[in-house]
Amino acid sequence: MTTQDSPKPSVLIVGAGCWGLATAYTLASSGYTKVTVLEKDDVVPSRFSAGNDLNKVIRAEYADNFYTDLSVRAIRKWQTDPLYKPHFHQNGFLNVTSESAPQATKDVVTNYLTSIRGHPAFEGQVSTVHGAEEIKKVAPAFTGPTAGWSGYFNKLAGYAHSADASKAVYDACVKLGVNFVLGRDNGEVTELVYDTISSRRVCVGVKTRGNQIYHADKVILALGADVPGLIPQLGPQVTGRCWGVVHIQLTPEEARPLRGIPVTNVRDLAFFFEPDEATNKLKFCHMGGGFTNFALSQNGLSLPYEKLEDSQFIPLDDESYIRKLLQEVFPQFADRPLIDKHLCWFADTIDSDYIIDYVPDTNSSLIVLSGDSGHGFKMLPIFGEFVKEILERGSQNIAKWQWKDDTKQKSTGTWRGDTATQELSKIPRA
Ligand SMILES: Cc1cc2nc3c(=O)[nH]c(=O)nc-3n(C[C@H](O)[C@H](O)[C@H](O)COP(=O)(O)OP(=O)(O)OC[C@H]3O[C@@H](n4cnc5c(N)ncnc54)[C@H](O)[C@@H]3O)c2cc1C
């Protein structure tokens, strides 16, 4: 009997966010017939998932070619696979800084450009853009001055409607027979269940808030920024962090001329997307250093607020960056109310590397998928393969994705080299 023919283990996946869904879909498509997903929200996409959003950038420029190559592979699937293609919009990615950006931020954009120059996938896809005239050639719908904007335009990029893509993967999982258990009582896991088998400590299942116990041969945790709450020993490697996200409401007439604009990241101000097709909302996010929440924690962890209502604000400074950006790009909307304010949480590692590995001292029974570091959604079409690989091999041999026991430093300082992290409890809110 080959490994392919041997009976597949039963699998419990905790968390139906981006990585949990991707994993369930790949396993269920590969002959795993006993896959159960537990999710604390009572809907999928979950309102707690970072991936439940109007849009996420799909781009492949990374300082590390390892992620560039993976992202190019993911983009090919976004472009061609009937499951993902309807949700992918290859509008291009305009990555720039404004005239008054700090030099360190300008350097970050230059480094991105350098990283993809010479990579065969980007041949003929990338051009530098300097000043208002060149910006207007790439995005004629921008009505503001955009004076001194400088950076590049990458055509091999765009965005995915991430809530719709997540829903599509969920529906596909249901069709393949994946069992979903949703809601606070039966779907929210509060404890891992261990047993000793042949003198070895093994995770044999999970317990939910309503005291339901689920057993499986393999348990996979895909809890986003919440994961250190369940396995605090991950704390030194992973910090829960968030960014503020807002929308402005456009009318259909206002949205029409903006159809097809590129995803635009003015790195020192904020990034935005074309208006959402269904709602005509424009989304903005100031991606600064991110915010931590150590204040509530009893054991030195930064974790998301438990209740959704508590995450429904943005830092006051973010609002001023977004207003400034609106003046620069769409002055006609500069005073429009910011709506749907919320914090979006991710699991950050010091080196931005994912953690896809077995938890030590569990005898290959418990896998953790964490450390998305704010760049995990683009991998939706291929992420499940990463997990299937280690599930079947019994270990992780990609060093950068391994559990790093020796991590002494917490990722609490500057974020990606140009902006500092702040603690939520110490900042004014909008
Ligand atoms: C503002 C922002 C912008 C981003 N932009 C991009 C981008 O442009 N491109 C990109 O590629 N990525 C982006 N990301 C990152 C991307 O969203 C994440 O990498 C991705 O969602 C990670 O998937 P995940 O499954 O690990 O976590 P999530 O998608 O957050 O899912 C975690 C799930 O676990 C569930 N859960 C938590 N605790 C429990 C429990 N105890 N029991 C049961 N269920 C539980 C939650 O309800 C949730 O459904 C962004 C993130 C943020 C915050």
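Observations on the model:
- Single condition Glu306 does not satisfy, out of (1) open to solvent by 10 Å² or more (accessible area, probe 1.4 Å); (2) at pLDDT below 95; (3) within 18 Å of the chain's Cα centre (by Cα): (3)
- Flag if Asn186 is surrounded by fewer than 21 Cβ atoms within 10 Å (Cβ to Cβ), within 12 Å of the ligand (Cβ to nearest atom) and among the polar types (S, T, N, Q): yes
- Meets criteria (more than 16 Å from the ligand (Cβ to nearest atom), open to solvent by 40 Å² or more (accessible area, probe 1.4 Å), farther than 24 Å from Val245 by Cα and touching a residue at least 12 places away in the same chain (Cβ under 8 Å)) for Ser10: no
- Selection of first residues in the stretch 277-290 that are at positive phi and touching a residue at least 12 places away in the same chain (Cβ under 8 Å) and of second residues that are part of a loop (DSSP other than H, G, I, E, B) and open to solvent by less than 10 Å² (accessible area, probe 1.4 Å), restricted to Cβ pairs under 8 Å at least 6 apart or on distinct chains, gives the following pairs, ordered by first then second residue: Asn280/Leu250.
- Filter pass, Tyr358 being open to solvent by less than 40 Å² (accessible area, probe 1.4 Å) and within 16 Å of the ligand (Cβ to nearest atom): no
- Flag for Ile339 being at pLDDT 95 or above, under 25 Å from Val57 (Cβ atoms) and open to solvent by less than 60 Å² (accessible area, probe 1.4 Å): yes
- Yes/no for Thr279 being crowded, with 17+ Cβ neighbours inside 10 Å and at pLDDT 95 or above: no
- Of all residues making up the stretch 54-78, the number that are out of contact with any strand residue (DSSP E or B) (no Cβ under 6 Å at 6 or more places or on another chain), open to solvent by 10 Å² or more (accessible area, probe 1.4 Å), assigned to a loop (DSSP other than H, G, I, E, B) and not hydrophobic (A, V, I, L, M, F, W, C): 2
- Strands (runs of 3 or more DSSP E) contained entirely in the stretch 80-182, each with at least 3 residues that are of a type outside the set (Phe, Trp, Tyr): 93-97, 126-130, 150-154, 179-182
- Flag for Ala255 being open to solvent by less than 10 Å² (accessible area, probe 1.4 Å), outside any strand (DSSP E or B) and either more than 13 Å from the ligand (Cβ to nearest atom) or out of contact with any strand residue (DSSP E or B) (no Cβ under 8 Å at 6 or more places or on another chain) (or both): yes
- Residues (farther than 19 Å from Ala225 by Cβ and either crowded, with 23+ Cβ neighbours inside 10 Å or free of Cβ contacts under 8 Å to residues at least 60 places away in the same chain (or both)) located in the stretch 367-385: Pro381, Gly384
- Of all residues in the stretch 13-52, those being open to solvent by less than 10 Å² (accessible area, probe 1.4 Å), more than 7 Å from the ligand (Cβ to nearest atom) and either within 29 Å of His342 (Cβ to Cβ) or in contact with an Asp or Glu (Cβ under 9 Å, 6 or more places away or on another chain) (or both) number 6.
- Residue count for the stretch 205-252 satisfying the condition of being among the β-branched types (Val, Ile, Thr) and part of a helix (DSSP H, G or I): 1.
- In this structure, Ile382 qualifies as farther than 29 Å from Tyr305 by Cα, within 15 Å of the ligand (Cβ to nearest atom) and outside any strand (DSSP E or B).
- Qualifying positions in the stretch 314-324 - in contact with a helix residue (DSSP H, G or I) (Cβ under 9 Å, 6 or more places away or on another chain) and surrounded by fewer than 18 Cβ atoms within 10 Å (Cβ to Cβ): none
- Among the criteria (1) buried (at least 23 other Cβ atoms within 10 Å of the Cβ); (2) closer than 21 Å to Glu274 by Cβ, the one Ile220 does not fulfil is (2).
- Among the candidates Asn65, Asn55, Asn91, Asn95, residue that is free of Cβ contacts under 8 Å to residues at least 60 places away in the same chain and within 28 Å of Asp268 (Cβ to Cβ): Asn65
To keep it simple, each residue is scored yes or no on (1) more than 22 Å from Leu325 (Cα to Cα); (2) without any contact (Cβ under 8 Å) to a residue 12 or more places away in the chain; (3) crowded, with 16+ Cβ neighbours inside 10 Å.
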residue	(1), (2), (3)
His119	yes, no, yes
Ser127	yes, no, no
Gly148	no, no, yes
Leu156	yes, no, yes
Ala160	yes, no, yes
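The values are calculated or read from the model by the stated rules, or taken from the named source; none is laboratory data. Just so it is clear, the model here is predicted, and its values are computed rather than measured. All Cβ positions, glycine included, derive from the backbone under ideal geometry; neighbour counts span all protein chains shown. Note: accessible area is taken over every heavy atom of the protein model, side chains too, but ligands, DNA and RNA are not part of it. Shrake-Rupley method; radii C 1.70, N 1.55, O 1.52, S 1.80 Å.
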